[in-house]
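See below for the structure under consideration.
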Amino acid sequence: MFAKWAVTGIMATALALPVGAQPPDKPITIAAACSEHDGWADPAPPARLYGNTWYVGTCGITALLVKTSAGLVLLDGGVPEATPLVLANIRKLGFSPRQVRWILNSHEHYDHAGALGAIQRATGARVAAGPFQRRPLASGRPDPDDPQAALLGGHPMQPLRIARVLLSGGHLSVGGTTFTATATPAHSPGSTSWTWRACEGARCRTIAYADSSSTISADGYRFADHPERVAAVRSGHAAIATLPCEIIVTPHPDASDLFARMAGAEPLINPDACRTYAEVAMKRFADRLAAEQQAVKEPR
Ligand SMILES: [Zn+2]
């Protein structure tokens with residue numbers, strides 16, 4: 001399906017070229033298309049990540065499409081404005097949006113789930129979510145325990161119908177591909193990382209869609225006032241560090257240099273990637289806690 005689209009893309013480009021111009025060797029790559037645009041709603045071409053898994057998101061926000069023998073699975077949809085871009089990318093790969101059977105989400109913020117209400121209506125897909133994603137996704141309103149809740153209130157999301165709730169370690173099997181949910185509640189209460197196997201011929205790799213690991217908050221929020229959130233952040237980082245992980249993908253593609261890796265400028269496969277990604281976040285969180293303590297000692 002992808003090859004067919006790629007050939008069609010070359011022909012369309014060639015027809016549009018002025019007389020005498022050389023046709024390009026291949027369609028524009030995602031790295032080139034996004035080299036000067038990294039906006040959340042900047043369109044990116046669809047691109048194969050590995051095996052049955054494609055990138056169908058924008059230049060700034062990841063959406064992944066997995067082909068199984070029982071239909072498609074979409075992970076994340078981006079901001080509301082990305083809805084037509086993600087649906088167009090699914091079509092460019094030769095699929096119909098109606099073939100999307102399941103939708104999964106990294107975390108319940110509008111920059112990753114904001115498009116999912118419209119995409120659920122367009123596709124008729126069912127949604128599987130972690131237990132702490134369920135309420136914010138079903139209501140469209142942020143979790144009050146989210147350190148970013150005060151920031152997110154201005155970005156309500158279209159509510160989703162949740163068909164299945166998966167506890168950490170739970171599986172969703174679709175047409176021979178098994179998606180494992182791992183609660184990684186570092187960035188938000190519902191943060192969930194997803195892992196599955198993708199194969200190219202006999203070479204199978206574990207893809208880890210590792211959720212955001214940053215610990216940002218609304219102004220005035222102190223993690224030190226919320227020991228249960230601190231514990232959740234630490235458990236989330238520890239869980240990310242130990243994910244089965246050969247190909248890491250992050251909801252913000254630049255957090256894992258995704259396009260450079262897809263272009264071959266950096267290794268796509270790195271079994272240490274999730275651990276390294278988590279360790280960087282652990283260090284930043286320790287710095288954040290230290291800064292909070294320092295502010296108590298030296299009130300302004
Ligand atoms: Zn977020």
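The values are calculated or read from the model by the stated rules, or taken from the named source; none is laboratory data. These figures come from a predicted structure and were not determined experimentally. Note that we place each Cβ from the backbone using ideal geometry, even for glycine, and neighbour counts take in every protein chain shown.
Would you check if GLY176 is at pLDDT 95 or above and either farther than 30 Å from LEU151 by Cα or more than 16 Å from the ligand (Cβ to nearest atom) (or both)? Explain how you work it out, then say what you get.
Numbers: at pLDDT 95 or above: yes; either farther than 30 Å from LEU151 by Cα or more than 16 Å from the ligand (Cβ to nearest atom) (or both): yes.
Yes.
If I filter segment 66-84 down to residues being within 18 Å of ALA41 (Cβ to Cβ) and within 15 Å of the chain's Cα centre (by Cα), which single residue comes out as surrounded by the fewest Cβ atoms within 10 Å (Cβ to Cβ)?
If we filter segment 66-84 for residues that are within 18 Å of ALA41 (Cβ to Cβ), which is where we start, we get 74, 76-84.
Now narrow it down to the ones that are within 15 Å of the chain's Cα centre (by Cα): 74, 76-80, 82-83.
Details: LEU74: 27, ASP76: 28, GLY77: 28, GLY78: 27, VAL79: 22, PRO80: 19, ALA82: 30, THR83: 21.
This residue is PRO80.
Within segment 237-250, track down each residue that is within 21 Å of LEU64 (Cα to Cα) and outside any strand (DSSP E or B). Full working, then the answer.
So the first thing to find is which residues in segment 237-250 are within 21 Å of LEU64 (Cα to Cα), and the list is 240, 243-250.
Those that are within 21 Å of LEU64 (Cα to Cα) and outside any strand (DSSP E or B): ILE240, LEU243, PRO244, CYS245, GLU246, THR250.
When you scan segment 106-173 for helices (runs of 4 or more DSSP H) that lie fully inside it, which ones turn up with 2 or more residues that are within 14 Å of the ligand (Cβ to nearest atom) and more than 25 Å from ILE248 (Cα to Cα)? Give the derivation first.
Working: elements: 110-113, 116-123, 131-139, 149-152.
Because the criterion is at least 2 residues that are within 14 Å of the ligand (Cβ to nearest atom) and more than 25 Å from ILE248 (Cα to Cα), the helices (runs of 4 or more DSSP H) in segment 106-173 that meet it are 149-152.
Looking at (1) closer than 18 Å to GLY170 by Cβ; (2) buried (at least 20 other Cβ atoms within 10 Å of the Cβ), which one does ARG135 not meet, given that it meets all the others?
Result: ARG135 passes all but (2).
Here is a yes/no grid of residues against (1) buried (at least 20 other Cβ atoms within 10 Å of the Cβ); (2) touching a Gly at 6+ places or on another chain (Cβ under 9 Å):
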| residue | (1), (2) |
| --- | --- |
| GLY190 | yes, yes |
| TRP194 | yes, no |
| ALA202 | no, no |
| SER214 | no, no |
| ASP225 | no, no |
| GLY236 | yes, no |
| ILE240 | yes, no |
| ALA260 | no, no |
| ASN270 | no, no |
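Look through segment 194-231, keep the residues that are within 21 Å of GLY78 (Cβ to Cβ) and touching a helix residue (DSSP H, G or I) at 6+ places or on another chain (Cβ under 6 Å), and return whichever of them is nearest to the ligand (Cβ to nearest atom).
Taking the candidates together, the pick is SER213.
Looking at (1) touching a Phe, Trp or Tyr at 6+ places or on another chain (Cβ under 7 Å); (2) in a loop (DSSP other than H, G, I, E, B); (3) more than 16 Å from the ligand (Cβ to nearest atom), which one does PHE95 not meet, given that it meets all the others?
(1)
Restricting attention to segment 257-269, does a residue exist that is out of contact with any Lys or Arg (no Cβ under 6 Å at 6 or more places or on another chain), more than 21 Å from SER191 (Cβ to Cβ) and of a type in the set (Lys, Arg)?
Yes.
Can you pull out every residue in segment 39-66 that is closer than 15 Å to VAL249 by Cα and in contact with a Ser or Thr (Cβ under 8 Å, 6 or more places away or on another chain)?
Listed by number, the residues that qualify are ALA47, ASN52, TYR55, THR62, LEU64, LEU65, VAL66.
Take the conditions in contact with a Ser or Thr (Cβ under 6 Å, 6 or more places away or on another chain), crowded, with 24+ Cβ neighbours inside 10 Å and either among the aliphatic types (A, V, I, L, M) or farther than 19 Å from ALA63 by Cα (or both) and apply them to ALA210. Does it pass? Full working, then the answer.
Numbers: in contact with a Ser or Thr (Cβ under 6 Å, 6 or more places away or on another chain): yes; crowded, with 24+ Cβ neighbours inside 10 Å: yes; either among the aliphatic types (A, V, I, L, M) or farther than 19 Å from ALA63 by Cα (or both): yes.
So ALA210 fits the description; yes.
Identify, by number, the condition in (1) part of a helix (DSSP H, G or I); (2) farther than 16 Å from THR276 by Cα; (3) among the basic types (Lys, Arg); (4) more than 16 Å from the ligand (Cβ to nearest atom) that ARG234 doesn't meet.
Exception for ARG234: condition (2).
Farther than 22 Å from THR180 by Cβ and part of a helix (DSSP H, G or I): does that describe LEU85? Break it down stepwise before answering.
Details: farther than 22 Å from THR180 by Cβ: yes; part of a helix (DSSP H, G or I): yes.
The answer is yes for LEU85.
Restricting the search to segment 200-231, which residues are under 20 Å from the mean Cα position of the chain (by Cα), part of a strand (DSSP E or B) and not basic (Lys, Arg)?
Those that are under 20 Å from the mean Cα position of the chain (by Cα), part of a strand (DSSP E or B) and not basic (Lys, Arg): THR206, ILE207, ALA208, TYR209.
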